[in-house]
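Taking it in order: structure first as structure tokens, then the write-up.
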Amino acid sequence: MKWLNGLGMVVAGVVLSGCAPRGRVGGQDGAALAVPRYATAFDAARATLRDSGFILERVDARAGVITTQPKTTAGLLTPWDREQSTVTQEVEDLLQRQQRVVRVEFEGVDGAALGAENAARVRVHVVVQRLHIPGHKLEPEAIRQSSFYLDPVLAEREMQPNYAVAIKQDELLAARLTRLIEERLASVAAVSP
């Protein structure tokens with residue numbers, strides 16, 4: 001029985017340490033990678049995101065941007081999802097409704113324009129968003145009698161039935177995606193003459 005209390009304290013420590021948002025929400029940070037050919041790197045980034053289970057939302061080769069739709073996970077309850085890098089992230093995603101959005105940006109090296117054969121720099125950003133569901137009224141005596149109310153001010157601002165707020169960047173997932181892009185590029189280079 002003592003081990004159960006100890007386990008409860010460990011879980012509580014992980015949960016409490018993971019509740020405060022850390023990291024930056026915006027800025028130029030993110031995992032970066034220099035690549036010799038822009039077109040090959042763009043295709044590798046697109047394929048890596050698809051293979052990682054993300055649904056592509058914007059694929060703009062001219063602007064050098066790839067973004068994904070928000071991907072929600074239930075943390076520990078969905079062990080097949082690979083977005084979390086730590087146990088703390090698994091617990092956070094279990095206790096909070098969170099989703100991740102990936103943005104891959106390409107820029108020319110030394111001020112050069114993006115061109116199919118030009119060298120480029122790839123930067124991967126992953127933003128963790130927390131979903132909020134306003135208007136949920138819990139019934140204390142019978143949970144199935146809980147209800148929702150519509151707030152006209154939130155509905156006017158398109159924040160009803162739910163809305164997402166960016167809380168931090170997931171630098172660990174960004175680094176992992178960058179490494180996967182790099183590995184894909186290495187395998188393409190090994191195959192091509």
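No value in this document is a laboratory result; all are computed from the given coordinates. Values in this document were obtained by computation on a predicted structure and should not be read as measured data. Note: ideal-geometry Cβ built from the backbone for every residue, glycine included; neighbour counts use all protein chains shown.
How would V122, V153 line up from fewest to most surrounding beta-carbon atoms within 10 angstrom?
Exposure proxy ranking, most exposed first: V153, V122.
Ranking request for peptides 137-145, 45-53, 57-65: highest mean number of other beta-carbon atoms within 10 Å first, then the rest in descending order.
45-53, 57-65, 137-145
Just to confirm a number: summing +1 for Lys and Arg and -1 for Asp and Glu over residues other than K137 whose beta-carbon lies under 14 angstrom from that of K137, what do you get?
Once all neighbours under 14 Å are counted, the net charge is -2.
Between beta-carbons, use under 10 Å as the cut-off and find the net charge around L33, counting Lys and Arg +1, Asp and Glu -1.
Summing Lys and Arg as +1 and Asp and Glu as -1 gives +2.
Treat the count of other C-beta atoms within 10 Å as a stand-in for reagent exposure and order F42, F148, F54 from fewest to most.
Ordered by Cβ neighbours within 10 Å, fewest first: F148, F54, F42.
Hey, what do the phi angles of region 111-121 turn into as Karplus ³J(HN,Hα) couplings, whole Hz, using 6.51/-1.76/1.60 and θ = phi - 60°, x for Gly and Pro?
Going residue by residue, I get x, 6, 6, 6, x, 3, 9, 7, 6, 8, 10 Hz, with x marking Gly and Pro.
Please list, by residue number, everything in region 86-108 whose backbone N is under 19 Å from a paramagnetic label point 7 Å out along Cα→Cβ of A47.
Only 104-106 pass the distance filter.
Describe numerically, in nm with one decimal, the distance between label points set 7 Å from Cα along Cα→Cβ at H132 and at V165.
Inter-label distance under the simple model: 0.4 nm.
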